[in-house]
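Reviewing the structure listed below.
The values are calculated or read from the model by the stated rules, or taken from the named source; none is laboratory data. In this text the structure is predicted, and so the values were computed from the model without any measurement. All Cβ positions, even for glycine, are placed from backbone atoms using ideal geometry, and neighbour counts span all protein chains on display.
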Amino acid sequence: MEPHPALQLKSLLHAGYPVRHRFNASWGPVMVQALVEQLQLDFRPSLVAHPEGAWALDALSLAMEPGATFRTSEGTTVHIDAVMRDALATLEAAQAELSAAMRAGRTQVPKRKQGIYAHPCGGLHYFQAVAGWARHASVRKAWRKRLDAQVDVLLYRLDSEGRQYEAALADAPFAHRLPLLVQMLKFQGHLLETLGRYRDDTRWRPTKAQQQTVERARTALEHTVRRLEAGGAFDGWPALAERQPQLALDLLGDTCHAARGEALWRTPAVSAPAAQAPAR
């Protein structure tokens, strides 16, 4: 089972598999296009604001072009441009409290599962899904100022959330330290990954101050990894998987996101493995 709806399809499309690509499954051939069409048939407007909708939105945006339409199983014609405009408005609303705090000079916004924090992974996959639509030049032109404002919020979150994690860690009993460190790994790795993808998808070029914040995020991530390593989290992963399987899975998955996020900002950038890329 997928941990999030449409995650596998989104991953295939983001990895560069074209919709015409065919996989030979045990029950017969499966084309990526068929998976996209099923996603379109299942689409409902409520998906746009749903916390688990990020991966489906990302998959749709990767499979379609501006101006395109599709039909749902209910016979409704859906315009992808309208879907993505609604998604951008949803992102802005979800981060509105953080945006207001940033403008007011507040040092942090408590996390209470409100707004963007109601989404998995702090809503960073949702940001990726929305901002990825700006890979198209016409969308970049129309959305640039609005997206740049949301990037400023992401950068603000580094310190806002970092302070809260450090305060919680200082007061946490020993048994709670590992879950907290894994949450820190999740946030820092996803943040770097999201900013890197925004740069690559939209041709964003961070200012000097923004780049300095990115570098502080990298340093924070390195510190978190060293803390996890010192606590035996990586070497002791098999035992953790037996004791706390969900925490072990989180550690594994979030380490992958962290590795990807760090690689996107390393200079020179870390290249992908020397394997043949799928035909586009």
Practice task
Would you point out the residue of region 219-246, among those that are within 21 Å of the chain's Cα centre (by Cα) and either surrounded by fewer than 16 Cβ atoms within 10 Å (Cβ to Cβ) or outside the structural domain of Met184 (by TED's automatic domain parsing) (or both), that is farthest from Pro206 (Cα to Cα)?
Solution key: Gln246
Fill in the blank from the handout: Picked from region 1-41 (must be within 22 Å of Val78 (Cα to Cα) and β-branched (Val, Ile, Thr)), the residue modelled with the lowest pLDDT is Val19
Handout entry: Enumeration of residues in region 70-127 that are touching a helix residue (DSSP H, G or I) at 6+ places or on another chain (Cβ under 7 Å), over 24 Å from Tyr198 (Cα atoms), β-branched (Val, Ile, Thr) and not assigned by TED's automatic domain parsing to the domain that holds Phe187
Key = Thr72
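Residue under question is Ala172, and the condition is that it be touching a Ser or Thr at 6+ places or on another chain (Cβ under 8 Å) and either assigned by TED's automatic domain parsing to the domain that holds Ala68 or small (Gly, Ala, Ser) (or both); does it hold?
no
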Handout entry: Extreme residue, nearest to His14 (Cα to Cα), among residues of region 162-214 that are surrounded by 19 or more Cβ atoms within 10 Å (Cβ to Cβ) and among the basic types (Lys, Arg)
Key = Arg197
Practice task
Only residues that are over 15 Å from Phe187 (Cα atoms), among the aliphatic types (A, V, I, L, M) and in contact with a Ser or Thr (Cβ under 6 Å, 6 or more places away or on another chain): list them for region 110-155, please.
Solution key: Ala134
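Mind checking which residues of region 156-171 are among the charged types (D, E, K, R) and more than 10 Å from Met184 (Cα to Cα)? Before you say what the answer is, go through the steps one by one.
Going residue by residue through region 156-171, those that are among the charged types (D, E, K, R) are 157, 159, 161, 163, 166, 171.
Correct list: Arg157, Asp159, Arg163, Asp171.
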Problem - helices (runs of 4 or more DSSP H) wholly inside region 38-140 containing at least 3 residues that are touching a Lys or Arg at 6+ places or on another chain (Cβ under 7 Å) - result: 54-63
Completion exercise
For Phe70, the lone unmet condition from (1) buried (at least 19 other Cβ atoms within 10 Å of the Cβ); (2) touching a residue at least 60 places away in the same chain (Cβ under 8 Å) is (2)
Handout entry: Condition met for Ala175 (modelled with pLDDT under 95 and not in a loop (DSSP other than H, G, I, E, B))
Key = yes
Exercise for the section: Test Ser61 against the criterion of being polar (S, T, N, Q) and surrounded by 13 or more Cβ atoms within 10 Å (Cβ to Cβ), and give yes or no. Expected result: yes
Completion exercise
Pro18 meets each of (1) crowded, with 19+ Cβ neighbours inside 10 Å; (2) in a loop (DSSP other than H, G, I, E, B); (3) not assigned by TED's automatic domain parsing to the domain that holds Gln150 with one exception, condition (1)
Fill in the blank from the handout: Note on region 198-225: residues assigned to a helix (DSSP H, G or I) and among the aromatic types (Phe, Trp, Tyr) are Tyr198
Practice task
Go through the residues of region 112-125 one by one and say whether even a single one is among the hydrophobic types (A, V, I, L, M, F, W, C), touching a residue at least 40 places away in the same chain (Cβ under 8 Å) and crowded, with 20+ Cβ neighbours inside 10 Å.
Solution key: yes
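Looking at Leu195, Leu228 in this structure, which one is in a helix (DSSP H, G or I), over 18 Å from Phe127 (Cα atoms), in contact with a Phe, Trp or Tyr (Cβ under 9 Å, 6 or more places away or on another chain) and touching a residue at least 40 places away in the same chain (Cβ under 8 Å)?
Going through Leu195, Leu228 in turn, just one is in a helix (DSSP H, G or I), over 18 Å from Phe127 (Cα atoms), in contact with a Phe, Trp or Tyr (Cβ under 9 Å, 6 or more places away or on another chain) and touching a residue at least 40 places away in the same chain (Cβ under 8 Å): Leu228.
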